Structure formats: C-alpha cells, structure tokens
1. Once the principal axes of the Cα atoms of region 73-126 are found, what is the range along each, listed largest first in whole angstroms?
2. What per residue convex hull volume, in Å³, comes out for region 22-68 when only alpha-carbon positions are used?
3. Residue 244: net charge of surrounding residues, Cβ under 14 Å, Lys/Arg +1, Asp/Glu -1, itself excluded?
4. Over the chain, average the accessible area per residue using a 1.4 Å probe and give it in Å², no decimals.
5. With runs of 4+ DSSP H residues as the only contributors, calculate the mean residue ellipticity of the chain at 222 nm using -39,500 (n - 2.57) per run, divided by the residue total and rounded to the nearest 500.
6. Just the Cα atoms of region 17-147: what Rg and Dmax do they give in Å?
7. Work through the residues other than residue 215 whose Cβ is under 13 Å from its Cβ and net out their charges, Lys, Arg +1 and Asp, Glu -1.
8. Please list, ordered by chain and number, the residues whose modelled amide H lies under 5 Å from the amide H of residue 272; skip anything fewer than 5 residues away on the same chain.
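The values are calculated or read from the model by the stated rules, or taken from the named source; none is laboratory data. Computed from a predicted model, the values in this text were never measured in an experiment. Cβ: placed from backbone, ideal geometry, glycine included. Neighbour counts: every protein chain shown. Ligands, DNA and RNA are stripped out before the accessible areas are found, and what is left, the full protein with its side chains, is counted by its heavy atoms. Shrake-Rupley method; radii C 1.70, N 1.55, O 1.52, S 1.80 Å.
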Amino acid sequence: MNKLLLSLFIGSTLLCAAPNGIAIIVNDEPITIYDIERTMSVNKITKNEAVSYLIDKALYDQQVEKYNISADVFEINDYIEKLANSNGMDVYTFKSIVKQEYPNYEAFENEAKNAVIRQKLIQQIVKGQLAVATDEDMELYYEKNKNKYSSAKNFEVIQYVSKNKSSLNQIIQNPMMNPADVTKSTLNLDATTLPPQFQYILNNTKNSAFTPIFTADKNFVTMFISNRSGTTTQSFEAAKAKIFNDIMMQREQAFLKEHFEKQKLTADIKVLR
C-alpha cells in the first residue's frame with residue numbers, strides 16, 4: 001500500500017516540477033524531468049513506469065558503485081563463450097552470427113558487460129542465499145517447459161547466394177529485385193540435420209522474413225523463410241546448459257527484484273515540486 005501511495009504521489013507531484021529541473025533525488029542522486037520524459041519515449045511506457053524504472057536503476061547503479069564492481073574484457077569474453085556453448089556453437093561462429101544480427105557489435109558487447117556486472121552484484125548481495133540449480137531442478141524444469149527447447153522440424157526457404165554482400169542487401173530491401181550475381185533456389189531443410197549455427201539462425205528468424213546475411217563456402221547467403229512445419233525437441237542432455245542458464249537467470253531476476261523492492265522502502269527518496 002505504501003509503495004502504491006508513493007508511486008501515485010510521485011506521478012502527481014512531477015506535473016508541477018520544472019521542465020528541465022530535478023524531479024526526484026534518490027540517495028543524493030538526481031533524476032531530472034528530461035530523464036523521465038526520455039525514458040517514457042524510448043521505452044514507450046507511462047510516466048509512473050518510467051519513474052519506477054529510473055528509481056530502480058539509480059538504486060542498482062549505487063549498489064554497483066558500493067561494491068566497486070566492474071567487468072573487464074576477459075570476463076566479457078568468458079561470458080560470451082559460455083553463451084555460445086549453451087547454444088551449441090564455438091565462440092567464433094557465435095560471434096560471427098551475432099555481428100550479423102547486431103548492426104553495432106559494441107551494443108551486444110555492452111549487453112554482455114552488463115550481464116557480467118549483474119552476476120557479480122548478485123554474488124555480492126546473495127552470499128549463498130541463491131540456490132544453484134541441481135540435475136533434479138533442471139529435469140523438472142525441462143519437463144514443464146519443453147516448448148522452450150522445441151523448434152520447427154522443417155523449414156521451407158528461398159536461398160539467395162552471392163559473392164557480393166551488397167546484392168543480398170538489395171534483395172532484402174526489395175525482394176522483387178533480381179541481381180545477375182545472385183543465385184536463387186528453393187529448399188526444404190530438416191532442422192535435425194543442420195549444424196547448430198544454422199538452427200540458431202532459422203529459429204531466430206520469423207516467417208516471411210529474411211535471415212541475417214551469413215557466410216558459407218566463401219559465399220554470402222541469406223534465406224527467406226516461407227514456411228515452417230513439424231516440431232523437434234532437444235534432448236535434456238543437449239539442452240542442459242541452456243536449461244541451467246534459464247533457471248539461474250529466473251532466480252537471479254526474482255532475487256534482484258525482491259532485493260530492490262526492500263531497498264526502495266529504506267532509500268532516501270525525495271520528490272521535488
């Protein structure tokens with residue numbers, strides 16, 4: 001009840017704050033009207049949601065600073081390697097795919113850095129309170145969430161191959177184009193016979209959409225997914241690393257949410273008119 005009243009109080013008093021002034025102070029850290037309006041615009045959320053998000057972020061950043069937590073390049077690369085392994089790929093293949101999915105690879109590295117920092121903060125806060133997933137936990141989770149480890153068995157695709165990456169980019173922008181240096185073919189792919197990296201690409205591309213451009217046999221390739229059918233489910237052993245990550249991620253998020261809800265109750269939060 002107190003948190004609801006605080007949220008409503010913050011939402012109403014902000015209307016009276018100066019457009020470019022400080023709206024809230026969280027343990028001596030200011031949050032401005034501009035911060036709130038920008039968060040609303042970027043995340044497409046309400047004012048109260050933006051305020052709640054920024055207060056949480058301020059408390060989170062303060063905890064990171066309190067414990068002097070950072071992430072170096074070696075820790076980031078180790079995290080990315082584990083992420084690659086959980087998807088059945090070596091780190092070089094995984095990075096090459098990610099670079100095609102992210103226009104700016106630094107954005108992905110920044111996400112990985114934030115994940116490392118979050119994990120290190122949890123280690124500081126938890127101090128043995130977060131239970132590590134056991135084989136029994138993972139088996140139970142797998143049985144209840146098999147759909148998370150299932151994918152289409154067959155993919156009907158139109159494959160485009162070229163030595164020239166820009167030609168494929170033109171086709172993605174306008175599928176009606178027919179550059180002379182592009183070879184086009186219709187394929188029916190059985191997911192169970194494909195390498196993990198191809199499974200990853202196809203499963204992460206929607207129907208009636210192009211995959212990211214990737215390299216194969218010294219050519220550039222993109223595929224348009226026309227249809228998918230059937231279902232194939234990874235075995236427990238094949239999905240084990242991903243299952244462990246999923247369980248621990250859920251437990252971490254739940255723990256952090258509870259921790260910062262408690263922090264809000266004791267934090268010095270001042271709402272300025």
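1. 36, 23, 16
2. Numbers: hull volume 3.1 nm³, N = 47.
Taking only Cα atoms, region 22-68 has a hull volume of 65 Å³ per residue.
3. Details: positive: 82, 148, 240, 242, 251; negative: 135, 136, 137, 139, 237, 246, 252.
Local net charge: -2.
4. On the way: 16440 Å² over 273 residues.
Per-residue accessible area for the chain comes out at 60 Å².
5. On the way: 10 runs with 148 residues, N = 273.
For the chain, the value works out to -17500 deg cm²/dmol.
6. Expressed in Å, the Cα Rg and Dmax of region 17-147 come to 19.0, 56.
7. Values: positive: 95, 99, 163, 165, 218; negative: 217.
With Lys, Arg at +1 and Asp, Glu at -1, the neighbours total +4.
8. Here the answer is 24, 25, since their amide H atoms fall under 5 Å of that of residue 272.
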